[in-house]
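Each remark here refers to the structure printed beneath this line.
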Amino acid sequence: MKLGAFSISLAVKDIKASKAFYEALGFSVFAGDLEKNYLIMKNESSLIGLFQGMFENNILTFNPGWDQDANTLEKFDDVRDIQEHLKSKEVTFASEIEAADSGPASFVVWNV
């Protein structure tokens, strides 16, 4: 199973202070919009998303179809196939994709 580009999405209280902290660690802004309270920071192949006021808890994010530079991969596992694999392993879902749908989609799983 190929999960694609990995990043951690952090729920931060002060995006400007968080940006400065991660810049001190060698990260730089890769994507996002400070005025909209979200940034994607990158240091080599490490990606960290900073999100102020968008969700309560930190989230592990996987992007099938992308590499660590957000380039589209030619071959990747479809998110619906990944969901079905995880269901077969009895993973707990908070939200799911309709199997009949196509195109970009997402699901949320819980580590209980």
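The values are calculated or read from the model by the stated rules, or taken from the named source; none is laboratory data. Since the structure is predicted, the reported quantities are computational estimates derived from the model, not experimental observations. When we count neighbours, we look across all protein chains shown, and the Cβ atoms used for this are built from the backbone with ideal geometry, even at glycine. The area values use the complete protein model at the heavy-atom level, side chains included, leaving out ligands, DNA and RNA. Shrake-Rupley method; radii C 1.70, N 1.55, O 1.52, S 1.80 Å.
See the values below:
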read-out	value
Distance histogram for the chain (every C-alpha pair counted, 5 angstrom bins, percent rounded to whole numbers)	2, 11, 19, 20, 18, 15, 10, 4, 1, 0
Residues of region 4-98: accessible area per residue with a 1.4 Å probe, Å²	65 Å²
Nearest-20 debye value, the chain charge dipole, Cβ charges on Lys, Arg, Asp, Glu	340 debye
In sequence order, calculated HN-Hα J values of region 73-83 (Karplus, 6.51, -1.76, 1.60; Hz; x Gly/Pro)	8, 5, 10, 7, 7, 5, 4, 5, 5, 5, 4
Highest-fluctuation residue, LYS42, LYS89, LYS16 considered, GNM on the chain with Cα pairs under 10 Å	LYS89
Choice from THR72, THR92, THR61 with maximal GNM fluctuation in the chain (Cα, 10 Å cutoff)	THR92
Set of region 29-64 residues, backbone N closer than 16 Å to the point 7 Å along the Cα-Cβ line of LYS13	51-58
Phi-based couplings in Hz for region 33-49 (Karplus 6.51, -1.76, 1.60; Gly and Pro marked x)	8, 4, 5, 9, 6, 8, 9, 10, 10, 9, 9, 6, 9, 8, 10, 10, x
Helical contribution to [θ] at 222 nm, DSSP H n ≥ 4, -39,500 (n - 2.57), averaged over the chain, rounded to 500	-5000 deg cm²/dmol
Label-point separation, PHE93 to LEU34 (7 Å along Cα→Cβ), nm	4.0 nm
For region 59-65, Karplus couplings with θ = phi - 60° (6.51, -1.76, 1.60), whole Hz, Gly/Pro x	9, 8, 10, 10, 10, x, x
Cross-link reach list, lysines versus LYS16, counting only Cα pairs under 30 Å and skipping chain neighbours closer than eight places	LYS36, LYS42
Helix 15-24 axis, angle to the chain major axis (alpha carbon atoms, nearest 10°)	80 degrees
Approximate spin-label separation ALA24-ALA100, in nm, with each point projected 7 Å along Cα-to-Cβ	5.4 nm
